[in-house]
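Only one structure is covered here, and it is reproduced in the block below.
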């Protein structure tokens, strides 16, 4: 599907599967394929795979595009046999003319993965110009980048593309929590593609999180032509189910708790206009908003909750039970369940009728 | 450059739905934050009264090395509660975006300036140090932000917090805006308060420091409203390696203390 910006069509490569398989995953064929289909619906163009994944998937499904990681001649043979049209290689493969010739002969679109961690590393990448096989490379995937916090990296990366007349893919690592920012900057500055993983999952420090990048594109850049990300909640559930990984409640974009609100000032704002404290509508990512009642609740939130529970009362009456709600919440060290809120309301009212007021 | 951490675990962190801290727990956490060398602890919202206010009294009585501050709406009654607690510093949150003004408060910009003047003067007249926070600054008209800061500067405010309330920032924008503010108000210290809605709270905080912010708001484990705030451990790790700042913090000590604090905070599943 790609992400279409004004002057640039940015392709998205997902590398979640190899990262999952690197941890001795027991993912099955259909699970892997269905997961890819779900991600394709979100805008992913290519799925990175390797031999371990191919051993599980077997025959590749039609309709999904894969990039196969080549590590030796057996991989090349497998790639050709399975009809995979794209591959990714490291520098060691690039230096083996025979292997590169085989890839070229079979017209396999080839990406070279090149790590860049320091600005000096950009100098060495230019030496590729003298490499006899560089003309056989279609794309350079610049992996790493995580220490770069100034715009200098963008110019240097783009100049590689110009000098080698080659497409640029970036695959930022997330060691310093800069992955999403790096992807956005890459996209904004005309890079051809990005490589990410769902939830940012990766064996070392992980990568830019696919879902964060997509929502950031919708919110910050692609406001007129938004991607439909309403299946994100479904994908998250499926990902958890097939991998056994628990997604933290406050995980950006996909955490189940990110649209729960309670604090008085926020609850008041959201009730009046959700834009006051929400960057985007929960349904945009397949979630729902929910008001919880507890220690930080204010009178308007309690009033709204009581109304939801079928209790008609004035805001002042709701304010009257705030202290009891806070006490109960502190006592249990959690938010309150609906029946507890009703109990408090009923008890307070009975007490008041009995002579309190 | 020295970067100072303002820990808001006990205020913004606790505001995450599902987190409830008792007085004894808040006091215990404050001691731990002090132990790992936090410069300032935003201890809570005195206007909530009850245990919240009592916990701030108790934290103040500990005489910690960390400075203790309280968070307030722009409201004289709230500020009276803060003054009761006698903190080192009183923070006033100033709504600064038109979205907040129109849709939440139904007020205009002049109202903000007028009220801010009253509130700052009220607190400063009582001899307290005041900082202001530009709520929703990342969606506010930048000229209005400058106007707020100019007024606060005249009234003697020395520190301004730039709050990315809904987490919409990206690192170059915040770097540029902080730099612009810093150039215009050389005597004002700037603080960044980033939210993690797009997973960029740490990145944006690093960007703000590059722009000239010298205070960074963090929470333990990144807990906070929605997707949370800037994660203290992640920020310090990044700041040390990338910017060469925050060197005084001992990461091993932080990891151990974070574990203990998160254990006190407990299960943070919100009731839905």
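Readers should treat all values here as calculations from the given coordinates under stated rules, not as data from a laboratory. Keep in mind the model is a prediction, meaning the values are calculated, not measured. Please note: Cβ atoms are built from the backbone with ideal geometry, for glycine as well, and neighbour counts cover all protein chains shown.
Key figures
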quantity: Average other protein chain Cβ within 10 Å of Cβ, residues A:333-343; calculated: 3
quantity: Per principal axis, descending, Cα span of the protein assembly as shown in whole Å; calculated: 91, 54, 45
quantity: Cα gyration tensor shape of the stretch A:1-96, rounded if a/c is under 1.5, else prolate or oblate by comparing a/b with b/c; calculated: oblate
quantity: Value of relative contact order over chain A, rounded to a whole percent, pairs C-alpha under 8 Å and six or more apart; calculated: 12 percent
quantity: Rounded, prolate or oblate (a/c below 1.5 giving rounded, otherwise prolate when a/b exceeds b/c) for the stretch B:4-262 by Cα gyration tensor; calculated: oblate
quantity: Cα gyration tensor, the stretch A:3-243 - rounded (a/c under 1.5), prolate or oblate; calculated: oblate
quantity: Neighbouring partner chain Cβ atoms per residue of A:73-79, average, 10 Å criterion; calculated: 0
quantity: Rg/Rh ratio calculated on Cα atoms of the stretch A:135-237 (Kirkwood radius); calculated: 0.99
quantity: Rounded D (µm²/s) - the stretch A:208-347, Kirkwood Rh over Cα pairs, Stokes-Einstein at 37 °C, 0.692 mPa s; calculated: 196 µm²/s
quantity: Calculated FRET value between residue B:109 and residue A:315, using beta carbons and R₀ = 25 Å, to 0.05; calculated: 0.35
quantity: Hull-based mean projected area of the stretch B:10-65, where the convex hull spans the alpha carbons, in square nanometres; calculated: 3.6 nm²
quantity: Estimated FRET transfer efficiency when R0 is 56 angstrom, pair residue A:308-residue A:92 (beta carbons, to 0.05); calculated: 0.35
quantity: Cα long-axis angle, helix A:152-164 against chain A (0 to 90 degrees, to the nearest 10); calculated: 30 degrees
quantity: Peptide ranges B:79-86, B:225-232 listed from the most packed, as the mean C-beta count within 10 angstrom indicates; calculated: B:225-232, B:79-86
quantity: Whole-number percent relative contact order across the stretch A:83-227, with pairs defined as alpha carbons under 8 Å at least 6 apart; calculated: 16 percent
quantity: Relative contact order [Cα under 8 Å, 6+ residues apart], the stretch B:1-53, whole percent; calculated: 49 percent
quantity: Where Rh is the Kirkwood radius over Cα pairs, Rg/Rh for the stretch B:72-218; calculated: 0.95
quantity: The stretch B:200-236 and the stretch A:277-342: distance between their alpha carbon centers, rounded to Å; calculated: 29 Å
quantity: Fraction of beta bridges assigned by DSSP in chain B that are antiparallel (%, nearest 5); calculated: 5 percent
quantity: Where labels lie 7 Å past Cα in the beta-carbon direction, separation of residue A:152 and residue A:225 in nm; calculated: 3.5 nm
quantity: Cα centroid separation - the stretch B:50-73 against the stretch A:61-119, whole Å; calculated: 60 Å
quantity: Label-point gap, in nm, between residue B:253 and residue B:24 - each point 7 angstrom along Cα→Cβ; calculated: 2.7 nm
quantity: Theoretical gain in end-to-end length, residue B:262 to residue B:240 [0.36 nm per residue, Cα-Cα removed]; calculated: 5.6 nm
quantity: Approximate spin-label separation residue A:120-residue A:8, in nm, with each point projected 7 Å along Cα-to-Cβ; calculated: 2.9 nm
quantity: Rounded to 10°, Cα long-axis angle of helix A:179-188 versus longest principal axis of chain A; calculated: 70 degrees
quantity: Sorted peptide list for B:213-222, B:129-138, criterion being average Cβ within 10 angstrom, highest first; calculated: B:213-222, B:129-138
